[in-house]
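Below is one structure, written out as structure tokens; the observations come after it.
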Amino acid sequence: MSVVIDTRTGASGKNRASRQRFNERMRKSARDALERKLGDSKGFKDILDGGIDVPIPQRDLKQPRIGHNPQKGSKDYVLPGNKKYRANDGIERQQGGGGGRGRKASDSGDGEDDFEWHLSQQEALDFLMEELELPHMHKKGGADAGHTKPQRAGFVSQGMPNRVDLVRSFSQRIGRDLAVNGALEREIIKMYEQKQSVLLGYLEGTDENVPDLPAHTLTNNIQYMDALRSQTDFLNDLVADEISDDDEALVAAIENRIEDLERRRAGVPFLTEKDLRYRNYVQVPQPVTKAVMFCIMDVSGSVTEEMKNNSKVFYWLLYKFLQSKYDHVETVFIRHTHEAEEVDHDNFFYSRVTGGTVVSPALRLTDEIIKKRYSNVNEWNIYAAHTCDGDNTSSDNNAVTELMHETILPQCQGFFYMEVGTDDDSDRSKEPSTNLWRTYQRVMKANKLENMWMAYSAKVEDSVRVFREFFKKRGVHQTQNKQKAAAFNIA
Amino acid sequence: MYSNEECMKEIRELLDNYEDGLNIFKKDPPGDWMAPLARKEGSTADNIPETWMGLAEAVIGIIAKKKYDLDTYPNVMKLISAEYMIDAYTNVGMPKNYTHWSFGLDHARNEAQYRKGQMGLAYEIVINTNPCEVYNMDTNSRLMMLLVTAHAGFGHNTFFKNNHLFTEHTDAEEINPLLERLKRFVKECEEKYGIQEVEDVLSACHALESHAVNRYSRPRAKSPKEIREQIEERRKFLEQNYDHLLEVTTRKAASASDDFKEASEVDIRIERDENLLRFIADYSPKYHNANEVASRRGKPGEPWQTQLMRMIADKSQYFYPQIQTKVMNEGCASFWHYRLLGDMYDMDLIDDGMYMEFITSHSGVLTQRDFDSKYYSGFNPYKLGFEIFMDIERVCNNPTDEDKEWFGKAQWFQDVQAGKADWLSVMKDIVVEYRDETFVSQFLSPKVIREMSLFVVHDDEMDDEMVVTAIHNRAGYEKVRDALADHYNLANRTPQIEVVDYDYSRNRALYLEHTVHRGRELDDDINNVLQQVWYLWSADKKGSISPVILNSVDSETGEQIQSYALPKREEGKQPGRKRQP
């Protein structure tokens, strides 16, 4: 009788643990390799398309094995598929392929190549974002029902077994023991005392030595009971001959009663369900770190498709970053031409409009939204990122400067400006010299808060680097560093 | 033995219980492989297979057992998904495995290849257990299910059950518990001693896996108990023969105590031991004090590291027969699937379309690329094995003059000629008695050499070019056969490294010896391997004084060619790389 077993479900994942170990081991190699891959725009496109193959150098996967050196000594190979050779024909030695070195080629095999490791989009992003954080994120906001922490709240009589509190349960037991057993014990003692007084009656006038009894206190019921028992037993033996029938019956009745009480006493359980006490926890809402990110994108006519693409890559990364790393970060999307409007995620990334470039309306709108929705500045960590081709209308620069100094920077934990250009912008070694760049630079220099960063991106891969530079973890000393550190320039 | 008709009668009896009757394999299973088959009205037989796969196994089983009298373990058919197959691949076909990053690497590799479509997954995996576990992918076609069942469930299965290497070296009942224990033990150790610690030991063990087997079941080196008894015996002898008078008159008392000392520190002479890992587990100074050499083997208090080494060695031993019988095993399985599926076609259990699919698949698996093809990756064991087995059947039934000359002296051939044996009994004897090396050297015929156009290339580092020494002609057959047999001799493939000495009384050095055949030296990776050996033997954080020394010695001249040592020797002596004059 054949046995057929269906193992299709729940069977995979057997190697998950090994896979994780391997991933851990490969982490560094993979990150370096990913870094190299991101040097060209195809790498990033692969990530957008759902995943990327990164080459892991063979040396990182090396497992030593005992083997022969293929170059040494003499050996005979047998090979299939002879077409032209006759005995004693010579074959030139070649590295790989052709000739008669087929055997060797198979010995070394593809094992020598770098191993391509496929990272899913999420894995690749995790690597990219591993060392990133939002700067200056230290304000703690009000309590949030969704974010709670369990807190001890006394004891309850029902709960999960792992929360049994032994000390509490046993003191409960002692209480019950005192109440239930104590009553029985007192009753038994009373009976013994009756018996004792009956028996002692016979000894009046004699000089028999009767064993002493300890003093009866609140806590020595049991010892006292035992002493009474042995004393009365002793007395019983002593007066056995002279005791009257009536008294004998009385003593017997008393003994019956004692026996009955003892039985009841033995029936009282050591620990009952009712003694158990469980630690109680309640969920207490905790203050959380709340943040909002303003994504401001210039979509005016002067911004080419390619530049927009650069901006979008930056914002896409930013969006993914906030989503994966922070639970409590809100995002506000603002796009602007000569006027600004708040849009939703889809419109921000996918719809198209045109117009002139004026920056101040966008900053003004940002300020308005802050005032309206995030007015409790003590609770909210506010960030703003702006991408623009820098081609601001000259007359607007003063307005921008004023807005930045007066409203935006004082309210923000961080303001990030990425200027987008094209690859063929001449002389990219220099800083851009657009209107907006110079304006922002002046603002940054005058700004004492050290909460402004700016950079230039000409290509998709620049955007990735700018993004990582903006949000890299800055130690305390680094944030105290002068603005020099912040005003770096890509490319 | 039954004829086809008699088999058919029995199969008809079984299939009559189902609604689709004899056409059942020509139709898709109802819905899913696991869905119960529709019974014919009025069929009351119980204990008959309920599912398509079960029925396939039963029907093929009837042919295999009744027509060919194949001796097999019972089968457990497992229906699995592609992910499961990748998992199983990664574990070298083992049902379970411990955690180590290298398996994660294999898994990632397999998965990447599978995803890219570079690797068509094998349709089956079969595990040498009792009962024999046969994995079938759920994406297999009907025909593939039958093929897999015949190939693995009967072909491999009968090989596992009968081949002497498997019956002598492995215990089919033991492997699952062993792996389970190993897996659990690794996990426990990780919890107790840390993941990194365990990983280091495992990595070191893996480096020695090829030398963690006993190739021949010869008596083990002396057990520690025996060694102790030996010491004890000598001490008693000295005590009993202690002559006080003689002592006083001829020797100083001090020398007597020296004598005792010598007895207790008697140099343990060891036999050459090819199982490096097991030897290290038994004697490693890192894990055993001098006075308790290996005395804790298998006892409570044995360090977890040496326990682990022993378990890995057990696992290697289990795989050893598989490495030695790759050609035979696959050849045998291919031969039987070819026969069994052919019989099913003859009995009209599968239709022409399915037979075409079978032939396509069969010839796909059994393709041997020529050496100059860019797809060439060595011999295809399926093809080589299959051709030889098919050829044996041919030789038994219709020997040519060439065969008579070639095989004339072989006992089996004479028996067949005398009518004392037939191809089936010869075949079964081969399965029991041989391994790849001997199989090729005994049964590779000129016909197969010709058909595969085999030729021998001699490659000597001293010569400027390689030379073709034999091709498929009368002068070359024997050379080709011998060279190919040699190729399957594991001793030629794996460098021969043995423990030759262990300095028990002084610095507890480990001496290894590599016997160099035909000038084939070790590749540079040996330095990394030795690093691992040293790690297991003595190296610890503080550094250690017990060295590991490996000498390469020429097998013919006895001359030492190379020497490697760890820790590296002082005084500018570069360990290993120095050629002795």
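The values are calculated or read from the model by the stated rules, or taken from the named source; none is laboratory data. Predicted model, so just to flag it, every value in this text is computed and none were measured. Neighbour counts run over all protein chains shown; Cβ positions are idealised from the backbone, glycine included. Just the protein is used for accessible areas: all its heavy atoms, side chains included, with ligands, DNA and RNA removed. Shrake-Rupley method; radii C 1.70, N 1.55, O 1.52, S 1.80 Å.
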- Query: List the trypsin sites (Lys or Arg not before Pro) in region A:297-386 that DSSP assigns to loop (not H, G, I, E or B) and whose Cβ has at most 15 other Cβ atoms within 10 Å. Which are they?
  - Reply: A:Arg352
- Item | Accessible area (Å², per residue) of region B:366-492, counting only protein heavy atoms and a probe of 1.4 Å | 45 Å²
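Summarise the long-distance tail of P(r) for region B:366-492 by giving the % of C-alpha pairs beyond 26 Å. Kindly include the intermediate steps, with their values, before the conclusion.
Details: 1955 of 8001 pairs.
Above the 26 Å cut-off, region B:366-492 has 24 percent of its Cα pairs.
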- Which pairs break 29 Å Cα to Cα here: A:Lys149/A:Lys325; A:Lys62/A:Lys312; A:Lys320/A:Lys445; A:Lys42/A:Lys445? A:Lys62/A:Lys312; A:Lys320/A:Lys445; A:Lys42/A:Lys445
- Task: For B:Thr469, list long-range residues whose amide hydrogen, built 1.01 Å from N in the peptide plane, is under 5 Å from its own amide hydrogen.
- Result: A:Asn88, B:Val456, B:Val457, B:His458
- Unit charges on C-beta of K, R, D, E only; dipole of region B:366-492, Debye: 600 debye
- Task: Might you report the magnitude of the Cβ-based charge dipole of region A:166-275 about its Cα centre, with Lys and Arg at +1 and Asp and Glu at -1, to the nearest 20 debye?
- Result: 1220 debye
- At R0 = 22 Å the Cβ-Cβ FRET efficiency linking A:Val156 and A:Arg176, nearest 0.05, sits at 0.80
- Pick out, in residue order, every one of the GluC sites (Glu not before Pro) in region B:1-96 that is DSSP loop and has at most 11 other C-beta atoms within 10 Å; say none if there are none. B:Glu41
- Heavy atoms of B:Arg450: accessible area, 1.4 Å probe, square angstrom to 10: 90 Å²
- Message: Under 10 °C and 1.306 mPa s, how fast does region A:330-372 diffuse according to Stokes-Einstein, given a Kirkwood radius computed over C-alpha pairs? Answer in µm²/s, whole number.
- Response: 147 µm²/s
- Message: Solvent-accessible area of B:Asp401, probe 1.4 Å, all protein chains present, reported in Å² to the nearest ten, please.
- Response: 120 Å²
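Would you mind giving the three semi-axes, in whole Å and largest first, of the ellipsoid equivalent to chain A according to its Cα gyration tensor?
Largest first, chain A gives 83, 46, 18 Å.
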- Task: Net charge near B:Asn17: determine it from the other residues with C-beta under 15 Å of the C-beta of B:Asn17, scoring Lys and Arg +1 and Asp and Glu -1.
- Result: -4
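What does the charge count near B:Ile392 come to, summing +1 for each Lys or Arg and -1 for each Asp or Glu among other residues with Cβ under 12 Å from its Cβ?
Combined, the nearby Lys, Arg, Asp and Glu give -3.
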- Query: In what sequence, largest accessible area first, do A:Ser395, B:Ser284, B:Ser210 appear using a 1.4 Å probe?
  - Reply: A:Ser395, B:Ser210, B:Ser284
- Query: Name the residues of region A:13-51 whose accessible area, probed at 1.4 Å, falls by at least 40 Å² once all protein chains are in place instead of their chain on its own?
  - Reply: A:Lys14, A:Asn15, A:Ser18, A:Arg19, A:Arg21, A:Phe22, A:Arg25
- When B and A pair up, the total accessible heavy-atom area removed from solvent (1.4 Å probe), in Å² to nearest 100, is 7300 Å²
- Show B:Lys383, B:Lys9 ordered by accessible area, largest first, where the area counts protein heavy atoms only and the probe is 1.4 Å. B:Lys9, B:Lys383
- Excluding ligands and nucleic acids, what accessible area in Å² is computed for B:Glu357 using a 1.4 Å probe, to the nearest 10? 70 Å²
- Task: List, in the order given, every pair from A:Lys195/A:Lys274; B:Lys420/B:Lys447; A:Lys308/A:Lys448; B:Lys26/B:Lys428; B:Lys383/B:Lys479 whose Cα-Cα distance in the structure shown is over 28 Å.
- Result: A:Lys195/A:Lys274; A:Lys308/A:Lys448; B:Lys26/B:Lys428
- 10 Å binning of all Cα-Cα separations within region A:288-486, expressed as whole percents from 0 upward: 9, 38, 41, 12, 1
- Message: Explain nothing, just compute: Karplus ³J(HN,Hα) = 6.51 cos²θ - 1.76 cosθ + 1.60, θ = phi - 60°, for every residue of region A:72-84 in order, whole Hz, x for Gly and Pro.
- Response: 9, x, 10, 8, 10, 9, 10, 10, x, x, 5, 10, 10
- DSSP beta bridges in region A:288-486, what fraction antiparallel, as a percent rounded to 5? 10 percent
- Message: Please list, ordered by chain and number, the residues whose modelled amide H lies under 5 Å from the amide H of A:Arg335; skip anything fewer than 5 residues away on the same chain.
- Response: A:Met297, A:Glu341, A:Val343
- Message: Placing one identical point scatterer on every Cα of region B:495-566 and ignoring solvent, what is log10 I(q)/I(0) from the Debye formula at q = 0.18, 0.19, 0.22, 0.25 Å⁻¹?
- Response: -0.69, -0.76, -0.95, -1.13
- Amide H contacts under 5 Å for B:Ser552, restricted to residues at least 5 apart in sequence or on another chain and with H modeled in the peptide plane, are B:His514, B:Ile561, B:Gln562, B:Ser563, B:Tyr564
- Note on the structure: Calculated from DSSP helices alone, with each H run of at least 4 adding -39500 (n - 2.57) and the total divided by the residues of chain A, [θ]222 nm to the nearest 500 comes to -13500 deg cm²/dmol
- With region A:166-275 reduced to its Cα atoms and the Debye formula applied, log10 I(q)/I(0) at q = 0.11, 0.17, 0.20, 0.21 1/Å amounts to -0.44, -0.84, -1.05, -1.12
- Message: From the P(r) of region A:381-420, could you give the percentage of C-alpha pairs in the tail past 17 Å?
- Response: 36 percent
- Can you give the mean number of other chain Cβ atoms that lie within 10 Å of the Cβ atoms in peptide B:386-395? 0
- Vicinal HN-Hα couplings computed from phi for region B:563-568 (Karplus, 6.51 cos²θ - 1.76 cosθ + 1.60; Hz; Gly/Pro x): 9, 10, 8, 9, x, 4
- What shape does region A:259-395 have by the C-alpha gyration tensor, where a ≥ b ≥ c are the square roots of the eigenvalues, rounded means a/c under 1.5, and otherwise prolate means a/b greater than b/c and oblate the rest? prolate
- DSSP loop (so not H, G, I, E, B), at most 12 other Cβ within 10 Å: list which GluC sites (Glu not before Pro) in region A:178-257 pass both filters. A:Glu204, A:Glu208, A:Glu242
- Query: With Cβ to Cβ distances under 12 Å as the rule, what net charge do the other residues near B:Pro29 carry (K, R +1; D, E -1)?
  - Reply: -2
